[in-house]
1. Find how many whole Å separate the alpha carbon centroid of segment A:88-144 from the alpha carbon centroid of segment B:322-361.
2. When B:385, B:104 are ordered from fewest to most other Cβ atoms inside 10 Å of their Cβ, what list results?
3. Show log10 I(q)/I(0) for segment B:359-464 at q = 0.12, 0.13, 0.15, 0.18 Å⁻¹, two decimals, from a solvent-free Debye sum over equal Cα scatterers.
4. So how far, in whole Å, is the C-alpha centre of segment B:494-522 from the one of segment A:29-52?
5. Based on DSSP, what percent of beta bridges with both residues in chain B are antiparallel, to the nearest 5?
6. Provide the FRET efficiency to the nearest 0.05 for the residue A:202-residue A:283 pair, computing r from the beta carbons and using R0 = 30 Å.
7. Viscosity 0.692 mPa s, temperature 37 °C: give me the Stokes-Einstein translational D for chain B in µm²/s, with Rh taken as the Kirkwood radius over C-alpha pairs.
8. What is the average number of partner chain Cβ atoms found within 10 Å of a Cβ in A:43-52?
C-alpha cells in the first residue's frame with residue numbers, strides 16, 4: 001500500500017462528476033471549497049455545474065456539510081479503516097459477509113451502492129479530512145483512502161486529496177521536503193536531517209518534554225496540543241512570532257509581533273493541492289515580517305562562537 | 001584572477017585535444033592572459049570544460065512529490081552535515097536541493113537543465129532552483145498537452161498558438177519548450193492514452209499527436225528559441241515502440257528537435273516476453289537526420305525513481321510493479337506520475353534497457369548529437385554518470401557486465417558486438433560541449449576566450465582506474481567550488497531564461513479563458529522576475 005493519486009483543484013472543477021468528502025466538514029472548515037472548486041462551478045467537461053455532479057458525504061455525524069450532499073453515509077466512530085477496506089474488497093469483487101459490514105454502521109447494500117457509483121463515475125475524487133487521518137488508525141486510515149482511490153483507476157479515473165488547512169501547512173511541508181527530504185518530524189541535531197514521526201514530531205517532543213526551547217512560527221500549538229505538551233511549552237523558553245495574541249503567545253517567554261503575511265507582508269502560500277500562490281500585501285505594517293525577524297536572529301546567532309556538529313569534536317558523525 | 005598551468009586541455013569545441021596549455025580566468029570568464037592572481041599547478045592533470053546536463057529532474061513539484069513519497073530511500077542516502085559554509089541535506093535517489101548542487105559540482109558538472117516544469121507550479125520550481133547552490137540552471141515548460149494550445153491547434157489557429165506559447169514561456173520564466181507524450185497526457189485525464197500518432201487525441205477531432213509534434217517544433221523554430229523542441233515521444237517504455245519513434249523522426253523532417261532519453265524509445269518485440277533492443281535500427285535512422293539531437297537516458301542496474309509527466313505510463317508501471325504510485329494531473333496543462341523502480345541485472349527487460357542505452361551512445365556516430373544522461377532519477381541517479389563514462393571508455397568493462405546478464409538477454413541486444421571505446425575528447429563532447437551547443441548556451445561547454453570559467457581538473461590516471469567522479473578541482477564562474485574533494489563556498493549560480501517575441505494583446509485572449517478553466521487568477525499566474533536568483537535573459541529576435 002502506498003502512494004497518492006491526485007490532481008490540482010482545477011481538474012476537479014473542470015472534470016469531476018463524482019465527489020466524496022470523508023471525515024471532514026468543508027461547509028464550515030473550508031467554506032469556499034464547494035463554490036470555488038467542487039460543486040457549483042461550471043467546468044469544461046461539467047457544463048451543467050451542480051446538476052452535473054454527485055456529492056457523497058461520509059462522516060460519523062451529520063454536519064452542516066450534509067445539506068450540500070446528494071447522499072450522506074453515517075458510519076460508526078473509529079470504523080473508517082473497516083469501511084475503506086470493505087470498499088476495496090467490493091471494488092475487486094471479493095466476497096464480503098453481511099456481518100463484516102454490520103459493525104460499520106452501514107449495510108452491505110449501501111457499501112455496494114457506493115462502489116457502483118464510484119465505478120460509474122467519469123472522473124471521481126475523494127477528499128478526506130482529519131476525521132480520517134487523525135482518528136484511531138491514523139496513517140493506516142489515510143493509506144486505505146489513498147489506496148482505494150489508486151485501485152479505482154483500474155475501472156475509471158479517480159483521484160484523492162487530503163483536506164489540509166491550518167494556514168500555510170502545505171507550504172511548510174513543501175519547503176521542508178525540498179530542503180531536508182522530509183515533510184515534518186525532522187531532527188537536525190546531528191547536523192543532517194533525520195525523520196521519525198512519533199519520535200521527532202512536534203507533539204511527541206513536547207509531550208515527552210525532550211526539547212529545552214521552542215521557536216514557534218505561524219502556528220498556535222497552545223490551542224491544539226495535548227495538555228502535557230502545553231505545560232512543557234510554558235516551562236521552557238518559548239518564543240512566538242505572531243501578528244496577534246494567541247494561546248501560545250500567552251504562555252510564551254517572548255512574543256515578537258510580526259506583520260500578517262498576505263495582509264501586510266508578501267510571501268507565498270501553497271494550496272492544499274500544492275499549487276503556490278503569491279501573496280501581495282494590501283496594507284503597511286509597523287511590525288517586521290517573520291522573515292526579517294528570523295534573519296536578524298540568524299545574524300545574531302552567527303556572531304556567537306560557532307556551534308556546529310562538525311566543529312564539535314565530541315560528537316560522532318556518520 | 002586565476003591561472004591554470006601545465007594541464008592537458010581537452011576543449012573539443014575549439015579543436016583542442018589534449019594540448020598542454022594555460023587557461024587564464026578573470027571576472028568569471030576565460031581570458032587570453034592574466035597578470036598576477038592565484039595560480040593552480042595542473043601538471044599531471046587533464047583540464048575539461050564543466051559538465052552540462054541537458055536533461056535531468058532536479059527541482060519542482062513532481063520531484064518534491066517523489067521526495068515525500070519515499071522517505072525510506074533517504075535511510076541509505078549520503079548525508080551532508082551543516083557547517084558555517086554549507087547547508088545540510090541528503091543525497092540518495094532524489095537528493096534535496098542543497099545536496100543536488102554539491103553532488104553535481106563535486107562530480108564536475110556546473111550547468112543543469114531541469115526538463116519538465118508545469119507552468120502552474122513554475123513559481124515553485126524557481127524557488128527550489130534558488131536553493132540549488134553552485135550550478136547554473138535552465139528549465140523547460142510542458143506544452144504538448146496544454147489544452148489552451150491544443151484548442152487553438154484544433155481550431156487551426158497556429159499563429160495565435162505561437163503567441164500563446166511565447167507568452168506562457170515568459171510567464172514561466174523558462175528557457176525552452178518540452179513535449180511529453182503529445183496528446184497522451186491530456187487523454188489520461190479521461191483514463192486514456194495516445195498510442196498512435198495519426199489518430200485524433202481523446203476529446204479532439206482534428207488534433208493528432210503528429211500534428212502537435214510538428215506544430216510545436218515549428219513554433220519553437222519560428223520563435224527562434226536557442227533550444228529546439230525537447231521531445232519525450234509517445235509510447236515511452238513500451239515494447240515495439242521503435243516504430244513510433246521512427247515515425248516521429250519522419251514527422252520532424254526539416255525541423256530542429258531534441259529527442260529526450262532515446263533509450264526508453266528504442267524497443268522492438270510485441271510484449272514484455274519478446275522485447276528486444278532496436279537501438280541499431282534507431283541509430284541508423286537518427287544518424288541520417290542531422291536536424292536532430294538526442295540524449296541517451298541510459299539506465300544502470302539498481303534503484304531509481306521514475307518521474308515523468310507521462311501519467312498513463314506510470315499507471316502501467318504501477319500495475320506491473322505493485323509499488324507506490326504517485327499521480328498529479330495539473331489543470332489544463334499536463335500530468336505527472338511517479339513510481340519507484342529497481343533495475344535488475346537478471347531481468348530480461350532491464351537487461352535490454354541497459355544495453356539499449358549504451359548501444360545508442362556507441363552506434364550514433366556523431367558525438368555532437370548524442371549526450372550523456374540517465375534521465376535522472378528515471379534511469380539512474382546523476383551521481384552515477386562516472387559509471388557510465390567508464391562503460392563507454394572501456395569495452396572490457398562492458399563485457400564484464402554482459403557476462404552477468406541472463407543468457408536469453410544476449411540474443412536481444414547487439415552490445416556484445418560493439419568494440420567502440422570513447423576517447424577523452426568524445427567524453428568531453430557528450431558531457432559538456434555537445435549539450436551546451438544543443439541548448440544554445442554559447443558561453444558553456446568550452447574554454448575559449450569569453451567562455452564562462454567553468455573548468456574541471458582531473459588527475460590523469462592511465463591504466464584502468466576511473467578518471468571521472470572525483471575531480472581535483474572544479475572551478476565555477478572563475479571561483480574554486482571544489483578543491484581536493486571539498487566543497488568551497490562560491491557565488492549563487494544563474495538561471496537562463498528566454499524572452500520570446502509575442503503580441504502583448506494575447507493577454508486579452510488569455511485573461512477571460514483563465515477565469516473559465518483555471519482556479520487561480522490570471523494575475524497570479526506569471527512568475528515575477530524577483531523570484532529568480534540571477535536571471536540571465538536571452539532575448540529571441
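Rule-based calculations on the coordinates, nothing more; no lab input. The structure presented is a predicted model; accordingly, all values stated were derived computationally and were not measured. Positions of Cβ are backbone-derived with ideal geometry, glycine not excepted, and every protein chain shown enters the neighbour counts.
1. Measuring centre to centre over Cα atoms gives 31 Å.
2. Values: B:385 25, B:104 28.
In order of increasing Cβ crowding within 10 Å: B:385, B:104.
3. Results for segment B:359-464 at q = 0.12, 0.13, 0.15, 0.18 Å⁻¹ read -0.49, -0.57, -0.75, -1.03.
4. The two parts, judged by their Cα centres, are 24 Å apart.
5. Numbers: 39 of 75 bridges.
Here the share of antiparallel DSSP bridges comes out near 50 percent.
6. Working: r = 31 Å, r/R0 = 1.04.
Efficiency for this residue pair is about 0.45.
7. On the way: Rh = 23.4 Å.
Rounded, D is 140 µm²/s.
8. Numbers: counts 3, 7, 3, 0, 0, 0, 0, 0, 0, 0.
Average neighbour count from other chains, rounded to a whole number: 1.
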